[in-house]
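The numbers here are math on the coordinates, done by the rules we state, and not lab data. What you see is a predicted model; the values in this text were computed from it and never measured. Heads up, the Cβs are rebuilt from the backbone with ideal geometry, glycines too, and the neighbour counts pull from every protein chain shown.
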């Protein structure tokens with residue numbers, strides 16, 4: 001027979017945890033009527049180590065209580081398979097989250113390299129997942145989110161691209177595309193693919209810290225027209241804008257935008 005202190009020490013659990021297990025009837029040590037001391041036998045040790053295992057794999061207390069009462073081998077297997085699927089989905093999500101973090105790190109490098117610079121680059125293919133006709137059309141965005149399998153998938157499911165159409169007289173319309181970057185040999189493509197082999201590319205700064213809250217659309221348009229003339233190319237009348245990063249200076253946001261303006 002073992003005292004609560006001995007069990008806590010060699011199983012690496014706290015006394016409070018053992019008392020919690022007892023309160024939830026997951027372990028039932030004998031208690032001395034005179035002094036109230038608990039005594040644990042080897043069957044209690046089996047119970048505690050089993051409960052620890054189920055807790056480590058994040059099985060809820062209620063389910064462990066059900067297991068404690070009665071559960072066939074097939075029932076345990078079914079429970080473990082369910083938990084296995086949860087873990088696999090969580091691993092997949094973490095992979096996607098890691099990828100997103102790595103992309104933002106790359107975006108920081110883009111800002112350092114291309115801020116205020118104008119080059120000609122390819123806009124890599126994007127799969128169009130949906131369209132929002134105007135930035136105030138929140139109901140459209142909510143509908144698109146509800147059509148996803150899981151909100152967790154928003155990590156990679158979507159990123160917004162603002163799309164501005166313009167002609168010689170100025171802006172015609174603007175809206176948003178919800179897109180997914182297409183990987184090499186991507187087998188999950190279901191929507192329309194958007195790509196442009198040649199674009200004027202730059203990174204610009206927006207936000208109240210740098211602009212005082214004023215719109216910079218017209219100045220960006222003017223700069224693109226100027227660069228197009230300098231490079232001897234023609235703008236196609238459309239611009240794709242991607243939010244790279246937002247940070248803060250003097251409690252005012254500094255937003256960095258990636259611009260692709262297709263040319264011919």
Want the number for residue 189 to residue 218: 0.36 nm per residue separation, take away the alpha-carbon distance, what's left?
6.9 nm
Relative to the longest principal axis of the chain, what angle (0 to 90°, nearest 10) does the C-alpha long axis of helix 42-56 take?
10 degrees
Degrees, to the nearest 10: 217-231 long Cα axis against longest axis of the chain:
60 degrees
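Run lengths n ≥ 4 of DSSP H only: what is the helix-derived mean residue ellipticity at 222 nm for the chain, with -39500 (n - 2.57) per run over all residues, to the nearest 500?
Values: 9 runs with 115 residues, N = 264.
Roughly -13500 deg cm²/dmol at 222 nm, from the helical runs in the chain.
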Sorted by packing (mean other beta-carbon atoms within 10 Å per residue), highest first, where do 127-133, 102-108 land?
127-133, 102-108
For the chain, find the longest principal axis of its Cα atoms and tell me its angle to the long axis of helix 73-114, 0 to 90°, nearest 10.
30 degrees
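Where Rh is the Kirkwood radius over the Cα pairs of the range 4-71, the temperature 25 °C and the viscosity 0.890 mPa s, what D in µm²/s does Stokes-Einstein return?
199 µm²/s
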Hey, can you rank 249-259, 234-244 by average C-beta count inside 10 Å, highest first?
234-244, 249-259
Computed FRET efficiency, Cβ-Cβ of residue 167 and residue 248, R0 30 Å: what is it to the nearest 0.05?
0.25
